[in-house]
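These notes are about the structure you will find just below.
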Amino acid sequence: MAKKIMTDLDYVEFYARELKKNNKLFKQQKRLIEAQITASSSLFKNAFGEKDFKAEARKYLKGIGSI
């Protein structure tokens, strides 16, 4: 029997169905997102400082060609 290749949308639908079945997955996902936000905030504060954050972030983004 041939295996079905799952698309990104298939994974999203599968995860959504699993979330409906098991609320613990939602809590786990929420903790993961909150941890990522905290880590990103800390990383950027250390990289650009808090005092002149916007100006330093703009310099960085211009330097990498994002803006």
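Each reported figure results from applying straightforward, stated rules to the coordinates on display, with no laboratory input. If you're wondering where the values come from, they're calculated on a predicted model, not measured in any experiment. Neighbour counts run over all protein chains shown; Cβ positions are idealised from the backbone, glycine included.
The table below gives the values:
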item: FRET efficiency, 1/(1 + (r/R0)^6) with R0 35 Å, evaluated for K20 and I67 via beta carbons; result: 0.30
item: Lysine pairs with alpha-carbon atoms under 24 Å apart, the chain, spacing 8 or more or separate chains; result: 11
item: The chain - mean residue ellipticity at 222 nm from DSSP helices (-39,500 (n - 2.57) per run, n ≥ 4, rounded to 500); result: -25500 deg cm²/dmol
item: Whether the chain is rounded, prolate or oblate, judged on the alpha carbon gyration tensor where a/c under 1.5 counts as rounded; result: oblate
item: Local net charge near Y15, Cβ-Cβ under 12 Å (Lys/Arg +1, Asp/Glu -1); result: -1
item: Span-like helix ranges in the chain, DSSP H, alpha carbon extent 24 angstrom or more, Kyte mean at least -0.5; result: 23-48
